[in-house]
Amino acid sequence: MNTMILLTPYLSENLEVKNRVVMAPMTRSRADNEELMATDLIAEYYAQRASAGLIITEGTQISQEAIGYINVPDIYTSKQIEGWKKVTDAVHEKGGKIFAQLWHVGRISHPNVLHGKLPLAPSAINPLWQCYTKNGFTDTVTPKAMSLEEIQQTILDFQQAAVNAMEAGFDGVELHAANGYLFHQFFAKCSNIRTDLYGGSIENRARFLFDVLEKIKEKVPLSKVGVRIAPSFTDAFGIVTDDETVPLFEYIVTRLNDYSLAYLHISGYTLEKDKIKAERLVLDTAKHYRKLYKGTYMINKGFTRELAEVALEEEIADLISFGEPFISNPDLVERFRENAPLLTPDRNTYYTPGAKGYTDYPSLADA
């Protein structure tokens, strides 16, 4: 029987992985300590999943101003760097490769988690959404429109977070420019009504992303940097698509060809309830931007083993990232190889403290 493409190695100028199964970034809220450090339990969780070709961590918030969710292991203090070293060491000991996803939530936050300060965003527009605070899911407020000085400081914070990630032993970093968070807030007209260099035209609304990349490359090679975007994301986190959404993402994807990145990661999104139609919409979005991007291309959203193999066979992507299947199947790669049944994750334990629903899912070997 022929080997699945999904299970074969992938090698490019900037990225080498042992298979094309990527663990997608997923917030799990297990850093329930004052320092917001990655713990031994978090290290165990990622090490259990080290058979993936690449692990992308949950979003790690780059500064105190970037926080929007509690109990997230962050990456702006020396203690947090030490915590992440436990994780990278554990993954590397198992032969894995791991990138840190760098995260600033922008307006998807609340003064409850910002020491009373307003969240920062491109413009003072309430997303009318919720964030996860110490009081549970809490309604968002109208954020503070960032000054140019605050924008420049945030760019420096992303640079420092990339440096911190390298010190912590990560193989690279991913910029979370998707799903309605800070980068996406700059991109969208519904959340960015600025009239300066960071608002108005498509080029200006995309500027923040490229300014961050330019600043990071001063200290970290862009061959160690991936970018995640969500071109079809709409009607969530206060983001709605508009007449310039497609041209904006076409501009971003095309211009990213000028940067020698580790990869471009397309986060698929659809409100379609019909499974077959939803799969087709995700693949259509992936195909559209695949035509524009020349580097390593990763796609995500609801992929099964079979659909992922089709996407690779049709050269729609080079790598496929899987989210929820990795929560309940730490040995997802092995299960794909054996065509074994997948366990169903317990959604009630996605964001709760402790090992339950986190590190206690059995592997095939355990079974």
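The values are calculated or read from the model by the stated rules, or taken from the named source; none is laboratory data. Not measured: the values here are computed from a predicted model. Reconstructed Cβ throughout: ideal geometry from the backbone, glycine too, with neighbour counts over all protein chains shown. The protein model used for the area step is the full one, side chains on, heavy atoms only, and it has no ligands, DNA or RNA in it. Shrake-Rupley method; radii C 1.70, N 1.55, O 1.52, S 1.80 Å.
If only residues of segment 319-367 that are of a type in the set (S, T, N, Q) and in a helix (DSSP H, G or I) are counted, the one that is farthest from the chain's Cα centre (by Cα) is 348. Checking each residue in segment 265-297 for being open to solvent by less than 10 Å² (accessible area, probe 1.4 Å) and hydrophobic (A, V, I, L, M, F, W, C) picks out 266, 283, 286.
I'd like to check something: does segment 132-147 contain any residue that is modelled with pLDDT of 95 or more and assigned to a helix (DSSP H, G or I)? I'd like the intermediate steps shown before the answer.
To start, the set of residues in segment 132-147 that are modelled with pLDDT of 95 or more comprises 139-147.
Those left that are additionally assigned to a helix (DSSP H, G or I): none.
No, that holds for no residue.
When segment 97-130 is filtered for residues that are more than 21 Å from residue 196 (Cβ to Cβ), within 18 Å of the chain's Cα centre (by Cα) and part of a loop (DSSP other than H, G, I, E, B), the ones remaining, listed by number, are 97, 105, 108, 109.
Residues of segment 306-318 that are hydrophobic (A, V, I, L, M, F, W, C) and assigned to a helix (DSSP H, G or I): 307, 308, 310, 311, 312. Checked against (1) touching a residue at least 40 places away in the same chain (Cβ under 8 Å); (2) of a type outside the set (Asp, Glu); (3) more than 17 Å from residue 170 (Cα to Cα), residue 46 passes all but a single condition, namely (3). If you go through segment 337-367 and keep only what is surrounded by 11 or more Cβ atoms within 10 Å (Cβ to Cβ) and either basic (Lys, Arg) or at positive phi (or both), you end up with 337, 354, 356, 357.
I'd like the full set of residues that are buried (at least 23 other Cβ atoms within 10 Å of the Cβ) and part of a loop (DSSP other than H, G, I, E, B), limited to segment 218-231. Reasoning before the result, please.
Just the residues of segment 218-231 that are buried (at least 23 other Cβ atoms within 10 Å of the Cβ), to begin with: 225-231.
Once the filter is applied, which keeps residues that are buried (at least 23 other Cβ atoms within 10 Å of the Cβ) and part of a loop (DSSP other than H, G, I, E, B), segment 218-231 yields 230, 231.
Residues that are more than 21 Å from residue 208 (Cβ to Cβ), among the aromatic types (Phe, Trp, Tyr), surrounded by 15 or more Cβ atoms within 10 Å (Cβ to Cβ) and free of Cβ contacts under 8 Å to residues at least 60 places away in the same chain do not occur anywhere in segment 237-256.
Here's the yes/no breakdown for (1) part of a loop (DSSP other than H, G, I, E, B); (2) surrounded by fewer than 24 Cβ atoms within 10 Å (Cβ to Cβ); (3) out of contact with any strand residue (DSSP E or B) (no Cβ under 7 Å at 6 or more places or on another chain):
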{"site": "27", "(1), (2), (3)": "yes, yes, no"}
{"site": "30", "(1), (2), (3)": "yes, yes, yes"}
{"site": "35", "(1), (2), (3)": "yes, yes, yes"}
{"site": "38", "(1), (2), (3)": "yes, no, yes"}
{"site": "57", "(1), (2), (3)": "no, no, no"}
{"site": "70", "(1), (2), (3)": "yes, yes, no"}
{"site": "75", "(1), (2), (3)": "yes, no, no"}
{"site": "79", "(1), (2), (3)": "no, yes, yes"}
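Residue 156 falls short on exactly one of the conditions (1) in contact with a helix residue (DSSP H, G or I) (Cβ under 8 Å, 6 or more places away or on another chain); (2) buried (at least 16 other Cβ atoms within 10 Å of the Cβ); (3) within 22 Å of residue 229 (Cα to Cα), and that condition is (2). Kindly indicate the residue of segment 184-209 that is without any contact (Cβ under 8 Å) to a residue 40 or more places away in the chain and assigned to a helix (DSSP H, G or I) and also nearest to residue 92 (Cα to Cα) among those meeting that condition. My answer is 207. For residue 262, the criteria (1) open to solvent by 10 Å² or more (accessible area, probe 1.4 Å); (2) closer than 30 Å to residue 13 by Cα hold in every case but one, which is (1).
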